[in-house]
Structure formats: C-alpha cells, structure tokens
Amino acid sequence: MYDPLFLEHEVPGHPESPNRLRAIMSHLDLHGVTGQMVPVQPRDAGHEDLRLVHTRELIERVMDAAPAGGHRWLDVDTYVAPASYGAALRAAGGLLAAVDGVLAAELDSAFCFVRPPGHHATPAAAMGFCLFNNVAIAAAHALERRELDRVAIVDFDVHHGNGTQDAFYADPRVLYFSTHQFPFYPGTGDWNETGAGEAAGNTINVPLPRGCGDDAFTAAYEEICAPALRRFKPQMILVSAGFDAHFADPLAQELLSTAGYYRIASLLGGLASELCGGRIVYALEGGYDLTAISWSSHACVDALLGNELTVDALGAGPQVRGPDVSGLLARIKGLHDLSAV
C-alpha cells in the first residue's frame, strides 16, 4: 500500500523526509519485488475513523494547523505542512484498506509504505514525527467494525510506541509487544509497564540497552513474543515496522542487521500462519538511513512473500559483543509467566 501523496508531507532538512519512501520504492522496483505484490487501493480516513482512537480536539488541531505555505510545529520535532493533513488521512485510511483486504481474503498479507508515521501519536497528542496513530486506528477498526475479538500489535521500531501503548493500555482485546532502546525517546516502555485493569499483562515491553544486535533481538522475539502471541491467540497481527534499530541508523545505537529484520519478520509470519490464518499487516514507522531502510524493508517483504533473504549491501555490521540481556529477558518472562508457554 503506497500513494505519492505521502511524499508531499515535507519540511526540508527534517529526518522524517519523503526521501525515505522514495528510496524504499525505488529499491523495491529495482530488485523486482514490487512485481511480486499487488497494489492496495488507498482511501482517506474520515473523522469517524480517527475518532476510534483520537480526540476531536487533536483531529481539529492537526486539521487547523495545516498552513497555506511553509510549515507549523506541533511540538519541537513534529511539523504540519500544507499537504500533511491529507497525507495523514491517507496513511490511516490506507491501513484500513489493507486490513479490510486481508480480512476479506483478497490479500494474503500487506505492507503499508506510509508516512507520516504513527506510533508516537497518543489519543490526545501528536508527537515524535507522528500526527495520527495509523496502527492503533487500524486495530480499533478491526475490533469495533470487523468483529474481531483479539488483535496483537508488534512494534520493533527502536523508539517505544508510547501512543499505541496509551491507546490500548486498559483494553484486554489488544496485546501490545514492543522491543526498543531504553532509556531513549520518548522515555516510556520500561519492563514493568504491563497494562491496567482487565488488560493487566497485555502490554509487554522489552527495553533493550544500546548496542544490542541480531542475537539479542531474536532472543526477545523467540523467548517472549512468540509464547505471548501463542497464549493470546490473536485473530490478526499488526506490525509497527520501524527500521531505526539498524546499525547504520543515525538516530539510535542498536546494531540490528538486515538479516536480523528478516529473522524477526519470518518468525512473525510463521506465527501469523500458525495462529490467525496468515493475517498480518505491516505499517512503516521510523528508520532514517536511506540505504538501511530500503534493504530492511526489502527483507521484511521477502519474508512476507516467502522469498529467501536477498543479500544486502550493508553486511552484518560491527562484530562486537553486545550487552548480556539474558537476565532482562528472564525477568520479563517471569513477570508475564511465559516460561512454561
């Protein structure tokens, strides 16, 4: 799912740039990957769609902030340009179209190459480059309108998806699982943030120290994410796919490689096939090195298509010993009673 309108959300010099999508789409075309996929016809989300997650005040603030020229700042790093509101509606609506296509069995799975990204947008605030929370709106749509009872959201962006967590922290119908660098922006996502009320235990955070590579990330997904999903039995999996944990990314300090993303995506695809008929939808979030985001997106699409990993130009990255996270993973498994799952 892609639309050229996403390229019109722009402030020159900002890291969340339209060049990110230009690089991804050019790369996928060059390597013949887009020819293996079918395009999803995008649509615009309406206010009734946004209101599944967001307050009326936030929607009106973003809509009214769009200038005739130039740009305005909603916070220190989140901007609104003339086309931003329209792009945000199409990004959220594109996910809705993809979710509907997968649930109707018109699509096997979907990858939504959208911007602006979404996972930092809380119900009441735009922040962290995000205007509306695309994945959260899609999850609420599946639950409220498509009569699903359980949706899992997996977030491997290097920054914690505080907005998604906030949206569903007390909703037992949603399992939210996140790996992220910690402590890091936005400062949320510690291991003891686990949900509230009937949803206690449905938020699972894996706050990783800087310098973690493929082995630490893979262990988190094999030892915590997989048993948690098997216990929850989701009817659909949504993925907040940020590629800023890649070792080449300039805004973070993790050491994940393209091959590491392929391993994670392959695991998630296998879990989707095992648990929910293969119903999985990806949405682009962060990632700010153009080469890394292109190859990492390619790796995840290869996994969705059942292709072997295409060898990338960046390699395995720095071959250094990362921090020992076994104690952290054991603590989280114990907290969520996953050791026997």
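A few notes on this one:
Every residue, every condition in (1) buried (at least 17 other Cβ atoms within 10 Å of the Cβ); (2) free of Cβ contacts under 8 Å to residues at least 12 places away in the same chain, yes or no:
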{"residue": "73", "(1), (2)": "no, yes"}
{"residue": "79", "(1), (2)": "yes, no"}
{"residue": "83", "(1), (2)": "no, no"}
{"residue": "88", "(1), (2)": "yes, no"}
{"residue": "95", "(1), (2)": "yes, no"}
{"residue": "98", "(1), (2)": "yes, no"}
{"residue": "118", "(1), (2)": "yes, no"}
{"residue": "124", "(1), (2)": "no, no"}
{"residue": "131", "(1), (2)": "yes, no"}
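- Matching residues in the stretch 286-315 - criterion: being assigned to a loop (DSSP other than H, G, I, E, B), in contact with an Asp or Glu (Cβ under 8 Å, 6 or more places away or on another chain) and either of a type in the set (Gly, Ala, Ser) or without any contact (Cβ under 8 Å) to a residue 12 or more places away in the chain (or both): 286, 287, 308
- Meeting the requirement of 2 or more residues that are more than 25 Å from residue 150 (Cβ to Cβ), the helices (runs of 4 or more DSSP H) wholly within the stretch 27-134 are 56-65, 84-103.
- Every listed requirement among (1) surrounded by fewer than 16 Cβ atoms within 10 Å (Cβ to Cβ); (2) among the aliphatic types (A, V, I, L, M); (3) touching a helix residue (DSSP H, G or I) at 6+ places or on another chain (Cβ under 8 Å) is met by residue 224 save one, (1).
- Close pairs (7 angstrom Cβ cut-off, 6 or more residues apart or separate chains): within 20 Å of residue 299 (Cβ to Cβ) in the stretch 28-46, hydroxyl-bearing (Ser, Thr, Tyr) and in a loop (DSSP other than H, G, I, E, B) anywhere: 31/310
- Within the stretch 156-205, the set of residues being surrounded by 20 or more Cβ atoms within 10 Å (Cβ to Cβ) and on the phi > 0 side of the Ramachandran plot comprises 189, 195.
- All positions within the stretch 276-285 that are surrounded by fewer than 24 Cβ atoms within 10 Å (Cβ to Cβ) and in contact (Cβ under 8 Å) with a residue 24 or more places away in the chain: 276, 278
- Of everything in the stretch 47-56 that is surrounded by fewer than 16 Cβ atoms within 10 Å (Cβ to Cβ) and touching a residue at least 12 places away in the same chain (Cβ under 8 Å), the residue that is farthest from residue 308 (Cα to Cα) is 55.
- For the stretch 35-49, the criterion of a residue being among the aliphatic types (A, V, I, L, M) and in contact with an Asp or Glu (Cβ under 6 Å, 6 or more places away or on another chain) is satisfied by no position.
- Set 259, 220, 228: member being among the aliphatic types (A, V, I, L, M), more than 15 Å from the chain's Cα centre (by Cα) and farther than 19 Å from residue 329 by Cβ: 259
- Unmet criterion (only one of (1) within 16 Å of the chain's Cα centre (by Cα); (2) modelled with pLDDT under 95) for residue 284: (2)
- Only listed residue being closer than 21 Å to residue 251 by Cα and surrounded by 16 or more Cβ atoms within 10 Å (Cβ to Cβ), chosen from 338, 304, 309, 290: 290
- Check on residue 201, within 29 Å of residue 78 (Cα to Cα) and either of a type in the set (Lys, Arg) or out of contact with any helix residue (DSSP H, G or I) (no Cβ under 6 Å at 6 or more places or on another chain) (or both): no
- Any chance residue 241 is without any contact (Cβ under 8 Å) to a residue 40 or more places away in the chain, within 16 Å of the chain's Cα centre (by Cα) and closer than 27 Å to residue 3 by Cβ: no
The values are calculated or read from the model by the stated rules, or taken from the named source; none is laboratory data. On a predicted model such as this, the values are computed, not experimentally measured, just so you know. Note: ideal-geometry Cβ built from the backbone for every residue, glycine included; neighbour counts use all protein chains shown.
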